[in-house]
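Since the structure comes first, as structure tokens, the remarks are kept for the end.
The values are calculated or read from the model by the stated rules, or taken from the named source; none is laboratory data. In this text, all values refer to a predicted model and were calculated from it rather than measured experimentally. Quick reminder, even Gly has a Cβ in these numbers, built from the backbone with ideal geometry, and neighbours come from all protein chains shown.
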Amino acid sequence: MSKPNAGPLADLKVKNNEEGGLFQVAPTRKLILISGPGGSGKTSLAKRIGDACSYTVVSEDDYWREFKANDPQNGLRTLEEERIIQKRVAAEVRSLLEEGKRVVLEFILYCDPPRPLLAYQEALKGTVSDLLVVLLQPSVDAILARKKRRGREQEQDAAAEAAIALSQLNCLDSPHIKKEWIVPNGDRGISETLDWLVRENPGFFA
């Protein structure tokens with residue numbers, strides 16, 4: 001489920017008010033949503049952010065693996081199952097944010113409208129103070145190379161995986177997706193992608 005990292009990050013700030021007294025400012029609750037096609041590097045990027053930037057990592061895939069553990073057709077996801085998983089994931093993320101942790105949540109992009117993205121934005125909008133959406137956009141070739149490296153038996157049919165990759169990449173053209181959320185990473189490794197994100201969004205990585 002979640003992967004805790006070092007120390008609470010969202011400290012409660014105290015500032016001087018106009019009369020010279022003190023008042024408390026609500027803690028910042030920073031959330032990074034990372035999505036992209038299967039094989040786009042989203043899980044690796046989330047883990048790198050967790051390790052390097054003291055974020056707590058939540059992976060939607062962990063919930064699916066547990067939920068589908070005894071299902072012989074565990075590759076299929078119904079809309080009702082999606083709602084169940086999204087509710088559980090959002091509850092954990094909300095709890096972590098309320099504990100003062102910074103959270104990075106990663107999940108797959110595979111449909112238009114992008115239901116998981118929209119669901120998490122809606123479920124967490126009252127909890128998050130700062131939200132960064134990162135939608136990875138590698139090339140089909142980069143996706144196939146990553147899938148080949150990770151060696152899952154069900155992902156080794158290159159023609160089938162190329163079709164899946166193209167279909168999922170096309171979801172980035174959804175009218176529900178803002179262009180500034182898209183991060184091309186076909187020619188960038190995980191470290192280079194993180195370096196770019198840090199430069200472009202310093203407030204999330206201070």
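Among residues of region 36-47 that are at pLDDT below 95, none has a beta-carbon under 7 Å from a residue that is part of a loop (DSSP other than H, G, I, E, B) and surrounded by 24 or more Cβ atoms within 10 Å (Cβ to Cβ) at least six positions away or on a different chain.
Among the residues that make up region 115-138, is at least one of them charged (D, E, K, R) and closer than 22 Å to residue 37 by Cβ? For region 115-138, residues charged (D, E, K, R) and closer than 22 Å to residue 37 by Cβ: present.
Just one residue in the set 166, 144 is more than 18 Å from residue 105 (Cβ to Cβ), in contact (Cβ under 8 Å) with a residue 60 or more places away in the chain, of a type in the set (A, V, I, L, M, F, W, C) and assigned to a helix (DSSP H, G or I); that residue is 144. For residues that are surrounded by fewer than 14 Cβ atoms within 10 Å (Cβ to Cβ) and under 27 Å from residue 92 (Cβ atoms), scanning just region 119-155, find the one that is modelled with the highest pLDDT. The selected residue is 122. Just the residues that are farther than 18 Å from residue 63 by Cβ and surrounded by fewer than 19 Cβ atoms within 10 Å (Cβ to Cβ), please, taken from region 101-118. Selection gives 112, 113. In region 59-74, the residue that is surrounded by the most Cβ atoms within 10 Å (Cβ to Cβ) out of those that are touching a Lys or Arg at 6+ places or on another chain (Cβ under 9 Å) and without any contact (Cβ under 8 Å) to a residue 24 or more places away in the chain is 64.
Quick check on my filter: what residues within region 91-129 are within 11 Å of the chain's Cα centre (by Cα) and among the polar types (S, T, N, Q)? None - no residue of region 91-129 is within 11 Å of the chain's Cα centre (by Cα) and among the polar types (S, T, N, Q), so the list stays empty.
Filtering region 186-204 to residues that are part of a loop (DSSP other than H, G, I, E, B) and either acidic (Asp, Glu) or under 15 Å from the mean Cα position of the chain (by Cα) (or both) leaves only 187. Taken together, the residues in region 178-188 that are out of contact with any Gly (no Cβ under 7 Å at 6 or more places or on another chain) and either among the aromatic types (Phe, Trp, Tyr) or at pLDDT 95 or above (or both) amount to 7.
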